Every structure is written in C-alpha cells, then in structure tokens.
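Structure, as structure tokens:
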Amino acid sequence: MVSRHLGMAVLASGLLATQAGAENFETRLSPSPLTDGTRINVTGQGSALVQWDGNILSVSGNFAGLATGATTAEIYDGPGIGIPGPKAFDLSVTQDTSGTIWGSLTLSRKQLADLRAGHFYVQINSAKAPDGNLTGWLLPPHPFAGEGVPVAGPGFLPQFDVPQKASNR
Amino acid sequence: MKKLLGLSVLAAALLGASAVALEQGPFTADQWRAGRALYVADCASCHGPELKGAGEAPPLAGSTFIAAWGNRSTDELYNLVKTSMPYGNGNSLDADTYRKIVAYVLAANGAQPGAKPFSGSEAIKIATIADGKTPAAMAAEARAPARGGEGGAPRPASFYPQTRFGQTVTGTLKSYDPVTDVMLAHPKDGDWLMYRRNYQGWSHSPLSQITASNAKNLELVWSWAMNDGGAAQVTPIVHDGIMFLSNTANTVQALDAKTGELIWENRIGPAPTRAYGATRSLALYGDKILVPTTDAKLYALDARTGAIVWQTVIEDAKEGYSNTGGAITIHGKVLVGLTYCNRYETKHCFISAYDVNTGKVAWRFKTIALKGEPGGDTWNNLPDEFRQGAETWIAGTYDPVLNTTYWGTAQSKPWTRASRASGAGATLYANSTLALDPDSGKLKWYYSHAPGENFDLDEVFERVLVDHGSSKDVLTIGKVGILWKLNRVTGQYEDSAQTVFQNVFDKIDPKTGIPTYRKDVQDAKVGDWISSCPGPAGGHDWPATSYDPKSDLMIIPLHQSCVLMRAEPMEKKIGVGGDAGSQKLFEMPGTDGNLGRLAAYNTTTMKALWSFQQKAPFLTGVLTTDGGVGFVGDFDRRVRAFETLTGRTLWQTRLPTSAQGHIVSYAVDGKQYIAIESGLGGGSPVGKPTTLLPDIHHPNNGNAIFVFALPDN
C-alpha cells in the first residue's frame, strides 16, 4: 500500500517536473483548524504540488499521520490568502491515514486569477475531522533557507492582492 | 447503593429544576461533586470560584460559555482541558481528575448527572445537556470557599512552593550611587537602569567587548534559579555592579552582578495564582527601587537593603486588576500602567504617576474616552460602563527634550466589534500611541493605529524613539506586524512597513496611515468565524525589539501563526466581562510551519535588510550591542548570538526551559556580561506554539537567569 502511494507521488511529481514553462504552486499541509480540544483528532502532515500548464491544473500530494482515515480532499477558493471560502473542486484521495491526493482540473478565467492571487487552498478531511484535518494555501514555490539562515530582504511571500506597503508608495 | 442514591438526590436538588428540558449529562453525581474540590484547587485561581473567568481566562459557566461551547462536544471540552490545563502545564493531572473537573463544569452549566461515569470520550453536544444556568444552591456553594492570594482568588495547592513572605534575606549594599534624572537620560555604559535600558527604548548596550569574531567563545559565568510558579518575563536591572531581579510572587532580589551572590531578598507577595501576567521590569530613582506588583500595588524599596519604604494601591486586585508592564521614572515620579480591565463596570483603565518619595498619586490619565469627552463619540454611543480595555501592559518611554512620555494601549474589550457592539468606531484610546506630559498627565496627542480593532491584535508594545536628522520619530510595531513610524512631536503618520504576512487590513492610507479592515471583518456578526493572520500571538508581541543606532537597524522578533476567531455574545451587564472570542489555529500561509521570524529593518528607509525563519517562535526581547552582536532566545530553549548587520548566527546554547524574558548586557570591573533568562508563562506567544508545535518540549519549571561572558584570557 505504502509503495503504491509512493509510486503515485513519484509519478505525479515526475509529471509535474517535466512540464517546462508551466506555473507551479505548492503548499505544506498541516493540521488545522486546530484547538487543544481537537488536537487528538487533527493530526498528520503532508504536501501538495500544483501545476498549471495553460489548460489543465494538475494536483498531486501526499500525507501521513492522520488519526483517522482520510475521507475527502478538496480545493477551496477563498476571498484572500488565509481566508476560508467555498469549495471549488473535489480531489481524489487515498482512504487511509496516509496516502496521496491527485486530480486534473479545468479552471475558469476567474479561478485562474484566484489561483495566481493565492486564494486556493487544499483541504483533506478525515473520519474524525470531517471539517478539516490538513490544510495548506497554494502559493508560488518558496524554498526554506534553513533554520536561522538569513536571507536578504523581508523574506516573506509577497502579498498579492493585500495591502500596499506605505514605504513602497 | 443507598448512599449513592442519596447523593444523587442531593445532587439533583442542588442542580434544581432549570435543566428539566435537557438530556441527562454523561457523568455521575459523584464525579461532579468530587470535581468541585479539584476545580477549586487547579482551576479557580484563573477562572474564578464562580467560574466567571478573569483576565485571559474565559468564563466556564453561563451564557458566554454556552455560546462558545453549546455546539461543541463533551469530548472536545475534555480533550481541551486535559491537553492544555492547568494553563501552561497541560496533561499534568491524572485523567480521572480531568474527568471530574469537566463533570463539575458541565454541572455548573445546568447539566444533570446520570448513571454512567464520564470517560472523556463521549461526544455529546453540550447544548443538549446544559443551558448555562448554574443551579442556585451550587452557585451559593461556589461563592463560599476561603479566599486569599492574588486578586482574592483561592490559591491552588501545588502552584507555588510554600514559603514565608517579607524580608527573607537581609543585607546591605556596600555602596549605592543614587539614580538621578541625568543618569537616567545618560546611563553609564555598564549600567542597565530601566526596562529598555534608555529612555528611548532601544534595548541596546554601548558595550563592545563581545564582537562577531569572539562571540563563539562566550561561556557561562554564573546562574541563579528564580521562583517558579506564575509567569516570568523578567528584565534584570543593573546599577554599579548590582543586579536587581523581579521574580514571581513579586519577589525582589539584589545580587552581585559579577558573582551571582545574593545580597538581600524581599518576598513582597502574594503568591502567584495564575500562570500569566508577569511583572516585566522594576524601575530605579534616587535610592529607591520601584516595584509595580501583579496585585496592582506599587512598592518603593530601599535599594540598599530591600526594605519597604512605602506602598500604595494602584487599583483593587480583587476586581481583577493587575500591573505587568513595569514602570518608568521621570522627574521624581514613577509612572505605571494597569491591565485586565476587561469587565463591564464603572471603572476604567488608566496610566498613573506617583511621587517617588511618598507614593502620593500625582495624576491619572484614563485611557478610555467616555461620553461627552474628546473621543467619546468613537464608541457607537455605548454607555460608559461598557467601554473597556485599552490596558497599558508595557511601560512607556520618554523624550527629555520634548518632556513627553510615550505609551501604547491595548485593544478595547471584548475583542471583537460584534461582541462589543462598538460598530465601526475607533474605540479611543484603545490601540493607540499616547503622548503625555509626564508632570501633569495631560494628553499632548494620540494616534490610533488600529481603529475599531477586531482580533485581539494589540498595539501596546514598546515605543522606540529615534531621530532621523531633524525628524524626531517614534516607532512601534503591534500584533498585525506593521512597523509604524510617527513624528513624535506632532503624532503625524510618516511611514509604515509590513514585516510578516497579514490579511487583516486591505489597505493602509499612504498619507494618514489609517488602515481599512477587510470587508468580511467589517461585516462580521456574533457567531461568524473570521480569519486573522497574524493571530493573537502576533506578528509582534511582548518580546521586544532592539534598535542599533550604529546601523540604524531595528531587530524585530516576529511570530507567524493565524487564527479563525468567532465573536461570542457578551451580556451587557455590570460585572460581566471577558474577551468573548473563540479561536481555532492554523499555520500562516507560506511559512511552512516556521513560527519564528527575526528581521532587521532600517528605520530610515523602512526596508528589511535581512530576516530568517525558524520553527520555534522567539520569547525574549532582542539585545543589540556596540560590538555588532545581537542576542535572542526562543520557545525551544535556544539562545543565539547573531551578527547585527547580517543575521548570521555566531554562537548558540540551550537553557533548561524556554528562553523567555528580556536579555540585557552590563559591565562590572571593565568586563562585559550578557544576562539571559529562562522562564514560563508567556501568554499567547507560548500558548499558540504549545498547540501548534506539540513536538517541541520544554519543562514546566526552570525560571532562572544565566550570565555569560568571554573567558578572562
């Protein structure tokens, strides 16, 4: 089972890697939304890669460590980065505590603009966390320099459609 | 069996008829009755004997509790209590104790006992078994327990080691040079005379022995275990080779700063009864140490002996008030703030000044604008008693040339516009910079950074005074993570810079700096879950910035996490109060689980020079030095020395528990020392990572100070 999941993830990431000139987006999938009261059921971690080739949005990802089996996986389209919104697409998901997610999606012009603005997020639901177990906002690739390793400038992702810095005026 | 039946009958009588329409609770009468004593021992110190809540602790009974928990389940309540309580020490009690406490909380909300004991795994919607109405007999019993300790609340049995209070160690300093206005304005290089070291609030030392090339050789010189229990975010104060330390339980100690030898100790008390609300600093003036205490009193100690010279009451601690922000001394007056002003009552929060020699109050400045007063029309016409908050929990700074003291205020209470019913009003003078005349308390100007704040995003933190040519500026950064620059003569907005991802403001007016909240924030109603990035841990929180005058860099410790916050209903009634916001946490987009960020901003250009991320958030203020070396500590017990100009790590070590407090540097006999604290009870900056980063562990004891220096050779 594990090797099958691994194989699918490798296949998906390999496919994504071969599309030269495509737009890529990525996210870490982390337990959320989370309180101390739900932490026992909202566990695990994962990652997702999304590639827009001009026609199709290809989604691949993996996850592990859920307290109960995954039931559904979806892409949501929020009104802004970090702001929940309505469901936009269903994804395929392994019905287990670890596995993969995948999908091939067609976007409207508005949805493509929303993707580029950072409004899309991936959510995996599970039996005991039906309203969200792992989530993550799809953003352009942003490699981590390492613990305590300085980078030039502010170092956080651009704000897309949220506010202008007054110092940039 | 007969005995059990009798208990059940008694319990049913106590619980009364109010819960007739409700289903039976998933607990027994034996459980809730046993839970009452356990609640008093382990919970009442924060949540109150009548479960009404206080300070940062929410109500556990009544309409506010049911509004927050009615649609949630009994197993979620159990899991929350078990994993996070007592505050800062989750999972420290046995499972049966947690079950009984939860049974008591449910019973106190009108739930009736049943035949089966509560196991913790029953997923029953709380609104189906409880309506928030505490049975009369049970309420009367809750009011009965013996009182004592901070704020008049019962003291938990195992919270703070039993000790006697008073002058527990006597001794006299060999010499002591009284602190003058001139010394405060121009401190000796080796001294650290106040919270942020200088009146400008820089947290910068002019000492330069420790450099980027030799910092790797730093070694421990001495350490000192401090009081455990309560909250510790200490700033050591150093004058002429003597270190004055404020411990929990308002214990003040004088130590030889070179050797760590104790000279005198005064355990003022009372014992801490809650794991939040630390006293962050002491203040010096003349031959006195000024000690604002967690029970909202102000003491003057003889600096030579530690003996109490005078004491006065700032506000009544039995009503929940406290002082955590420390003090600043100006012109023979000691200025202090006030916190936990989040209940509906006729009183309001204030900044106040006292004569250093007598303790007599000189003035008070009320931080809430009432009806008919300037700014009083910013509260949506709310009656005065329902205008609360605007606490001052960080001590102010001071410009001797302008003779102006600068203070930040916290948000209005309850947290959300919907719970407050304050509409789109700015709720002055909440979340503002206040410029006051230190002699009279008269307001010179104010600037509202976040008019009508909605998410527990304080703008209360340090006001840092920096001159750029002829421009006299004041800089500050709040929980939203916007670094603000104002003209400190006029209060006019000059510039701002975003330092972490944020989605709270849609835009900031480039001329006035007035932010516009997202539309869904403006339209939010009670019961709506609304996103806030950053969440209540900041952005920036109490771990303070440092300004390095050589490089014109402000080094800012930043926190990266988000919440969904739901406004809860708040009954408009005297005595009712609280923050009325439920929270669910999530990772800040784009941070990949790195809650910590340290960033260096040029205060002229407001551009970032460098930044780095790490998993653990920072829990110390930053120190910079003239040697070009900065210091900062974190949730994961790590302390780093870094190069100010590049952020490059030069040296690191780990402490017994989270590095927490305010790092300082001083010199004795020509040798430079770095004092770093480990501590507990850091509020949201600790609470959020405790939930989000369960794989980072730190012991729940270990308040201490560690002093490092270069080897003598």
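Output the residues belonging to the stretch B:580-595 that are more than 11 Å from chain A (Cβ to nearest Cβ) and either out of contact with any strand residue (DSSP E or B) (no Cβ under 6 Å at 6 or more places or on another chain) or among the polar types (S, T, N, Q) (or both). Across the stretch B:580-595, the qualifying residue is only B:Ala580. Let me spell it out: the conditions are (1) within 14 Å of another protein chain (Cβ to nearest Cβ); (2) in a strand (DSSP E or B), and B:Leu645 meets all of them except one. Which number is the exception? Failed condition: (2). Mind checking which residues of the stretch B:366-390 are within 30 Å of B:Lys288 (Cβ to Cβ) and surrounded by fewer than 21 Cβ atoms within 10 Å (Cβ to Cβ)? Matches in the stretch B:366-390: B:Lys366 only. Looking across the stretch B:272-302, just one residue is of a type in the set (Gly, Ala, Ser) and surrounded by fewer than 24 Cβ atoms within 10 Å (Cβ to Cβ), and that is B:Gly286. Only one entry in B:Leu598, B:Leu609, B:Leu564 is in a strand (DSSP E or B), crowded, with 24+ Cβ neighbours inside 10 Å and within 9 Å of chain A (Cβ to nearest Cβ), namely B:Leu598.
Within the stretch B:380-393, can one find any residue that is touching a residue at least 24 places away in the same chain (Cβ under 8 Å), outside any loop (DSSP other than H, G, I, E, B) and over 30 Å from B:Ile574 (Cβ atoms)? The answer is no; no qualifying residue exists. Against the test of being polar (S, T, N, Q), touching a residue at least 12 places away in the same chain (Cβ under 8 Å) and surrounded by fewer than 17 Cβ atoms within 10 Å (Cβ to Cβ), the options B:Thr516, B:Thr476, B:Thr490, B:Thr499 yield a single qualifying residue, B:Thr490. The selection criterion, being surrounded by 22 or more Cβ atoms within 10 Å (Cβ to Cβ) and without any contact (Cβ under 8 Å) to a residue 60 or more places away in the chain, holds for B:Phe586. Across the stretch B:532-543, the number of residues qualifying as part of a loop (DSSP other than H, G, I, E, B) and out of contact with any Ser or Thr (no Cβ under 6 Å at 6 or more places or on another chain) comes to 6. Residue count for the stretch B:474-531 satisfying the condition of being more than 9 Å from chain A (Cβ to nearest Cβ) and in a helix (DSSP H, G or I): 2. Would you confirm whether any residue within the stretch B:345-361 is over 25 Å from B:Thr405 (Cα atoms) and either out of contact with any Ser or Thr (no Cβ under 8 Å at 6 or more places or on another chain) or not hydrophobic (A, V, I, L, M, F, W, C) (or both)? Within the stretch B:345-361 (the criterion being over 25 Å from B:Thr405 (Cα atoms) and either out of contact with any Ser or Thr (no Cβ under 8 Å at 6 or more places or on another chain) or not hydrophobic (A, V, I, L, M, F, W, C) (or both)), the answer is yes, since at least one residue qualifies. Checking the stretch A:87-109 against the condition returns no match, with no residue being farther than 21 Å from B:Leu585 by Cβ, within 12 Å of chain B (Cβ to nearest Cβ) and crowded, with 18+ Cβ neighbours inside 10 Å.
Scanning the stretch B:56-97 for residues that are among the aromatic types (Phe, Trp, Tyr) and within 12 Å of another protein chain (Cβ to nearest Cβ) returns B:Trp69, B:Tyr78, B:Tyr87.
The set of residues in the stretch B:171-205 being under 19 Å from B:Asp548 (Cβ atoms) and among the aromatic types (Phe, Trp, Tyr) consists of B:Trp192, B:Tyr195, B:Tyr199, B:Trp202.
If I filter the stretch A:46-80 down to residues being of a type in the set (Val, Ile, Thr) and surrounded by fewer than 20 Cβ atoms within 10 Å (Cβ to Cβ), which single residue comes out as nearest to the chain's Cα centre (by Cα)? The residue in question is A:Thr72.
Please determine whether any residue of the stretch B:623-639 is assigned to a strand (DSSP E or B), touching a strand residue (DSSP E or B) at 6+ places or on another chain (Cβ under 9 Å) and either of a type in the set (S, T, N, Q) or closer than 24 Å to A:Leu139 by Cβ (or both). Steps first, answer last, please.
In the first step, residues of the stretch B:623-639 are kept if they are assigned to a strand (DSSP E or B); the result is B:623-625, B:629-634, B:638-639.
Okay, now just the ones that are also touching a strand residue (DSSP E or B) at 6+ places or on another chain (Cβ under 9 Å), so B:623-625, B:629-634, B:638-639.
Okay, now just the ones that are also either of a type in the set (S, T, N, Q) or closer than 24 Å to A:Leu139 by Cβ (or both), so B:624-625.
Yes: one or more hits.
Filter the stretch B:251-271 for residues that are of a type in the set (A, V, I, L, M) and assigned to a strand (DSSP E or B); which is surrounded by the most Cβ atoms within 10 Å (Cβ to Cβ)? So that I can check it myself, show each step before the final result.
To start, the set of residues in the stretch B:251-271 that are of a type in the set (A, V, I, L, M) comprises B:252, B:254-255, B:257, B:262-263, B:268, B:271.
If we keep only those that are assigned to a strand (DSSP E or B) as well, we get B:252, B:254-255, B:262-263.
Values: B:Val252: 23, B:Ala254: 28, B:Leu255: 23, B:Leu262: 14, B:Ile263: 20.
The qualifying residue surrounded by the most Cβ atoms within 10 Å (Cβ to Cβ) is B:Ala254.
Considering only residues in the stretch B:58-74 that are of a type in the set (Gly, Ala, Ser) and in a loop (DSSP other than H, G, I, E, B), the one that is modelled with the lowest pLDDT turns out to be B:Gly62. Within the stretch B:519-539, the set of residues being touching a residue at least 24 places away in the same chain (Cβ under 8 Å) and not hydrophobic (A, V, I, L, M, F, W, C) comprises B:Gln522, B:Lys525, B:Gly527, B:Asp528, B:Ser531, B:Ser532, B:Pro534, B:Gly535, B:Pro536, B:Gly538, B:Gly539. For first residues located in the stretch B:311-325 and closer than 12 Å to B:Cys349 by Cβ, partners that are of a type in the set (Phe, Trp, Tyr) and at pLDDT below 95 and lie 6+ apart or on another chain with Cβ distances below 6 Å form the pairs B:Glu315/B:Tyr321; B:Gly320/B:Tyr340; B:Tyr321/B:Tyr340; B:Ser322/B:Tyr340.
Looking across the stretch B:190-220, the residues that are at positive phi and either among the hydroxyl-bearing types (Ser, Thr, Tyr) or touching a strand residue (DSSP E or B) at 6+ places or on another chain (Cβ under 6 Å) (or both) come down to B:Gly201, B:Ser203.
Here B:Gln672, B:Gln660 are screened, and the one residue that is surrounded by fewer than 24 Cβ atoms within 10 Å (Cβ to Cβ), at pLDDT 95 or above and either more than 14 Å from chain A (Cβ to nearest Cβ) or over 17 Å from B:Val221 (Cβ atoms) (or both) is B:Gln672.
Considering the stretch A:110-127, the residues that are away from chain B (no Cβ under 13 Å) and touching a Leu at 6+ places or on another chain (Cβ under 6 Å) include one that is surrounded by the fewest Cβ atoms within 10 Å (Cβ to Cβ), namely A:Ser126.
The values are calculated or read from the model by the stated rules, or taken from the named source; none is laboratory data. Values in this document were obtained by computation on a predicted structure and should not be read as measured data. All Cβ positions, glycine included, derive from the backbone under ideal geometry; neighbour counts span all protein chains shown.
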